[in-house]
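Step one of this worksheet: look at the structure below.
The values are calculated or read from the model by the stated rules, or taken from the named source; none is laboratory data. Everything numeric here is computed off the predicted structure, so don't read it as measured data. All Cβ positions, glycine included, derive from the backbone under ideal geometry; neighbour counts span all protein chains shown.
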């Protein structure tokens with residue numbers, strides 16, 4: 001990773017705070033992007049903060065352009081950014097919630113993929129990894145807006161994989177179950193935390209998918225029940241009892 005330029009969206013969020021240090025420790029030049037982010041968030045010398053509103057097409061285009069202008073290339077895109085809202089049926093879902101879930105979980109990904117793909121194709125071994133949700137594999141009552149756009153994200157990334165394999169580019173989406181983050185513990189204090197996915201394990205998988213050795217990993221489908229995780233339809237992770 002020492003010669004790679006990596007762009008991470010949602011770089012200091014609940015999962016991003018695990019993913020970003022993994023790439024920094026591997027020696028990559030990491031451009032960490034978020035709506036609000038600074039050098040103080042990750043003081044390592046190979047970290048560059050990039051404040052961006054990923055729901056604005058022009059801002060995303062300019063952000064990717066600034067990375068290429070500064071470093072001359074973009075090798076890896078890790079799209080961690082997303083958002084959650086639930087608890088209402090489809091009939092009860094208001095316009096604001098629908099639009100928010102669409103903006104955070106699908107439109108932002110479209111904007112950054114569209115801007116980054118031409119640069120990743122030039123890399124020769126470009127890598128795109130997005131974070132989806134295992135919840136979106138099947139419909140769930142009360143989560144209509146969230147699962148709709150997370151499911152669409154998976155289709156979008158798999159389409160990108162098909163469209164760019166001729167350039168040696170891979171695109172994968174990781175589908176974690178509920179992750180053991182402080183925010184989730186606060187919102188679900190009575191849950192069994194031992195059944196939750198550890199963010200560090202997701203970060204390790206993302207780092208592996210970004211490696212040159214993951215060249216053939218584009219549409220991975222496999223089950224690993226014995227290890228306590230399920231990997232399917234691109235890549236999903238859930239901890240079993």
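Structure above, values below:
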read-out: Condition met for residue 85 (more than 19 Å from the chain's Cα centre (by Cα), assigned to a loop (DSSP other than H, G, I, E, B) and under 30 Å from residue 142 (Cβ atoms)); value: no
read-out: Strands (runs of 3 or more DSSP E) enclosed by segment 1-79 - at least 1 residues per element that are within 14 Å of the chain's Cα centre (by Cα); value: 5-9, 29-34, 76-79
read-out: Segment 128-152, residues that are under 27 Å from residue 92 (Cα atoms), under 18 Å from the mean Cα position of the chain (by Cα) and free of Cβ contacts under 8 Å to residues at least 60 places away in the same chain; value: 133, 135, 136, 147, 148, 149, 151, 152
read-out: Matching residues in segment 148-178 - criterion: being crowded, with 21+ Cβ neighbours inside 10 Å and either out of contact with any strand residue (DSSP E or B) (no Cβ under 8 Å at 6 or more places or on another chain) or over 18 Å from residue 104 (Cα atoms) (or both); value: 149, 150, 160, 169, 170, 171, 172
read-out: Condition met for residue 70 (at pLDDT 95 or above, surrounded by fewer than 16 Cβ atoms within 10 Å (Cβ to Cβ) and at negative phi); value: yes
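To keep it simple, each residue is scored yes or no on (1) farther than 22 Å from residue 204 by Cα; (2) modelled with pLDDT under 95.
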residue	(1), (2)
80	no, no
84	yes, yes
92	yes, no
97	yes, no
102	yes, no
132	no, yes
141	yes, yes
151	yes, yes
